[in-house]
Amino acid sequence: MPDPHPSQLARLLAPDPPPRGLGLLRAVIRNPLEAIPRAVLERPLVRQTVLGRDRLFVTEPDLIQAVLLTHADAFGKSDAMRRALSPALGDAILTADGERWRRQRRAVAPIFRHDRLRAFLLPMLGAAARTRDRWLALPPGSAVEMGHEMMRTTFDIIVETMLSGHGAIDVARVERGITDYLASTGWAIALALARAPAWTPYPGRRRAARARDGLRAELLRLVEERRRLGSEREDLIALLLAARDPETGEAMDDRDIADNLLTFITAGHETTALALTWTFHLLDRHPAEEARLLEEIAAATGGGPARPEHLAALPRTRQAIHEALRLYPPAPIIARTALRPVRIGEEAVAPGTTVLIPVLATQRRADLWPEPDRFDPDRFHPDAVKARHRYAWIPFGAGPRICIGLTFATEEAVAILATLLPAVRARTAPGFDPGLAMRITLRPAQGMPMRLERR
Ligand code: HEM
């Protein structure tokens, strides 16, 4: 069965010809997806001029590979994204470029090694079980906001695995701070496009600054405390404290460490929570697929609670998550700025050009994905994956800047589904259309209110 709102994406994207000047900026502020020209669904490369500056949209897998891998060193993170994110995340792993980025990536890599990831499965299942128990304690038929439920669960997990547990951090305050900060990022992106000076005021700017200051203070406190008290723990804070510049031998300062911690907290929980929220939505709409996953989970767990050793036996569940990441990629646009002249396919790209990879549109191109709006986890059967261009599916990016948390996120999503699906059935009202909104990440514009029924 196709998604009930198949034309949702095409309807949302900018009409041909797309708005220009102020019209375009207004679209960016409202919902940056509305500024993507609809032509990207059909053409491999679309050039757009915004206030005299070129932007290039790329949706052809070969060309995406050229940007993210082959010529990766010709590109930096985009000015607009940096302008939206750096006030909060500083110049840490997600926003830095060049040698500074490389050093930070190397410093944190050990926490994503296979053996460390395996050890994280238990806390992941533990957090999922707490959500399940909270749900089971509600009166039957209770309504929840699924996005919020998933954020709570993945937030629990990121704090427990990366920062060695609660208590250390004011979870509610950090969560609120992140939402307050992200609320006005559309403005920051639009002002970067308009080349307005960095101090330009905009609605929500003060609130965002307050949120950022609160977040930074909370994390700086955590780093200072760890420096003072020390710890045997080998978590992300320990890795960042131990990191040394290979040339100067210098350690990272507290501010850089705090920026990296906030980057991991933000990049590591919101995206996965959204992937799960969209997966619940799709399973609600496709009960036959849901039944199939339930069967697989029951066969793997023997009907008992999911344990770490069960997760490898859930290939269909993993496929369903991959398909949800295709239809609703939590990071819907990957952006770069050319640092030097470079050729992408036939196209000469001048320094300063913004290159945008609209992941969401690429993953719904009809020539790459037959019946692109249809939810079909068979697309991720290993044979189908092998037959397809590697760069047709890029929810985690690709090349040297590929998401460092991709295995972490996938296993986390499997652990959460394996725990929650057998316990409750989550349903939205018939005909409910969540809509699509971009706030750096891809959120349901109307939220995802769902009723929970015990199975
Ligand atoms: C479904 C969940 C997730 C999605 C869809 C996702 C998506 C992405 C994407 C698209 C990028 C690359 C951005 C670019 O090239 O400009 C990225 C980078 C990153 N992600 Fe994720 N992510 C997810 C989960 C996670 C998790 C769980 C963590 C941490 C535990 C994490 C940490 C990071 C970091 C630190 C980077 C920057 C890497 C670098 O530049 O070297 N992400 N993510």
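The values are calculated or read from the model by the stated rules, or taken from the named source; none is laboratory data. Values in this document were obtained by computation on a predicted structure and should not be read as measured data. Counting neighbours? That spans all protein chains shown, and the Cβs are built from the backbone with ideal geometry, glycine included. Only protein heavy atoms, including side chains, enter the accessible area calculation; ligands, DNA and RNA are left aside. Shrake-Rupley method; radii C 1.70, N 1.55, O 1.52, S 1.80 Å.
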Apply 1/(1 + (r/R0)^6) to the Cβ-Cβ distance of E250 and A183, taking R0 = 35 Å, and write down the FRET efficiency to the nearest 0.05.
0.45
Pairwise FRET efficiency - A72 versus R221, Cβ, R0 = 41 Å, nearest 0.05
0.65
In what sequence, highest mean first, do 117-128, 101-112 appear when ranked by Cβ atoms within 10 angstrom?
117-128, 101-112
Among 89-98, 253-262, what's the highest-first ranking by average C-beta atoms within 10 angstrom per residue?
253-262, 89-98
Probe radius 1.4 Å, ligands and nucleic acids ignored: give me the carbon and sulfur share of the accessible area of region 1-99 as a rounded percent.
57
Value at 222 nm in deg cm²/dmol, rounded to 500, when DSSP H runs of n ≥ 4 in the chain each add -39,500 (n - 2.57):
-15500 deg cm²/dmol
Among beta bridges that DSSP assigns inside the chain, antiparallel share in %, nearest 5
90
Cβ-placed point charges (K, R +1; D, E -1), dipole of region 1-156 about Cα centre in debye, nearest 20
420
Normalised contact order of region 375-453, rounded percent, pairs of Cα under 8 Å and 6 or more residues apart
19
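Quote the charge dipole size of region 132-263 about the Cα centre in Debye, to the nearest 20; the model charges only the Cβ of Lys and Arg (+1) and of Asp and Glu (-1).
Around 700 debye, computed over region 132-263.
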1.4 Å probe accessible area per residue over the chain, in Å²:
42
Computed FRET value (nearest 0.05) for Q446 with R228, which takes r as the C-beta separation and R₀ as 51 Å:
0.65
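Taking square-rooted eigenvalues a ≥ b ≥ c of the alpha carbon gyration tensor, is region 316-381 rounded, prolate or oblate, where a/c under 1.5 means rounded and, failing that, a/b exceeding b/c means prolate?
prolate
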Of 420-428, 318-326, ordering from highest average Cβ density within 10 Å down gives 318-326, 420-428
Which of the three applies to region 371-416, rounded, prolate or oblate, going by the alpha-carbon gyration tensor with a ≥ b ≥ c and a/c under 1.5 meaning rounded?
oblate
Please sort by residue number the GluC sites (Glu not before Pro) in region 19-100 whose DSSP state is loop and whose Cβ has at most 16 other Cβ atoms within 10 Å.
E42
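Checking the a/c ratio against 1.5 first, then a/b against b/c, what shape does the Cα gyration tensor give for region 330-422? List each step's numbers first, then the result.
Numbers: a/c = 2.55, a/b = 1.66, b/c = 1.54.
Note, shape of region 330-422 comes out prolate.
At 0.36 nm per residue, and after removing the present C-alpha to C-alpha distance, how many nm does the segment from A109 to V171 gain when stretched out fully?
19.8 nm
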When the accessible area of region 106-248 is computed with all protein chains present and a 1.4 Å probe, what percentage of it is carbon and sulfur?
55
Report in % the part of the accessible area of region 328-428 that belongs to carbon and sulfur, leaving out ligands and nucleic acids; probe 1.4 Å.
58
When the expected Rg is taken as 2.2 N^0.38 Å, what fraction or multiple of it is the alpha-carbon Rg of region 65-149?
1.66
For region 65-96 and region 17-59, distance of Cα centres in Å:
19
